Structures are given as structure tokens and as C-alpha cells.
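All remarks here apply to the structure that follows.
The values are calculated or read from the model by the stated rules, or taken from the named source; none is laboratory data. On a predicted model such as this, the values are computed, not experimentally measured, just so you know. For accessibility, only protein heavy atoms count, side chains too; no ligands or nucleic acids. Shrake-Rupley method; radii C 1.70, N 1.55, O 1.52, S 1.80 Å.
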Amino acid sequence: TRDPELRVTETSGVPVARFTVAVERPFAKEGQQDVDYIDCVAWRWLGETVAKFMTKGRLVAVEGHLAIRSYETQEGDKRRAAEVVCDYVRFLDSKKSVKAPVTEEEEAEIPADLPF
């Protein structure tokens, strides 16, 4: 739905990339296609690699586990969030669709499947 956001944790300096995957439902209501938006997080080198190569609109598959976390807003409201903590990310579209223009060296560097 947008390019990944790469950050580094304040305490340990670990890279973490956050992104959202849009998943179309196999059925439609009154001609409208329903879409679910799933928050994902990738840590360490996987997060760095995802942030480097993933762009909005790329077709990807993610594998990981569901994590539910609780947090408190600045107003003091308690909230819960669900996200997929990625173990693997696979790009399902063409390497050439990553970023334009792409040099031959950059194209050779683009993984089709993460982790390598």
C-alpha cells in the first residue's frame, strides 16, 4: 500500500521495516472487491533488504507469525494491534519492476526470494 518504513530501535540499534500488504478477498459484495490490509514487520537484515527492494505496488508473499501487541496512546487509551512478524518475504513479480531506472549491477543485486 506504500513503500516500507525503515527505522532503527533506540535502545539496541536493530533495523526494523514496517509495511502493509493489501489482500483481496476471493468474493465481492455487490460488485465491490473487498480488501484486507495486513500490517507486517521485518527485523534486522530482512528489514533492511525489504526496505531496499520493496516498493508500493510490488506483488509479494510473506511468511511469519501473528503477533498481538498492546500499547497506550498519548491520550492514555489502551489499544491492541495485530501484525505479521515476517520470517520470509518473496517477491512474486518481475525484478525489472523494482525501481526505474535500474542499472545492470542493481538488477543483479535484487533477490527474487528472501531470505537468500
Hits in segment 1-21 - residues which are of a type in the set (Asp, Glu) and either modelled with pLDDT under 90 or part of a strand (DSSP E or B) (or both): Glu5
Selection within segment 1-21 - of a type in the set (A, V, I, L, M) and either open to solvent by 80 Å² or more (accessible area, probe 1.4 Å) or over 21 Å from the mean Cα position of the chain (by Cα) (or both): Leu6, Val8
The lone exception for Trp45 - which of (1) open to solvent by less than 100 Å² (accessible area, probe 1.4 Å); (2) within 20 Å of Tyr88 (Cα to Cα) it fails: (1)
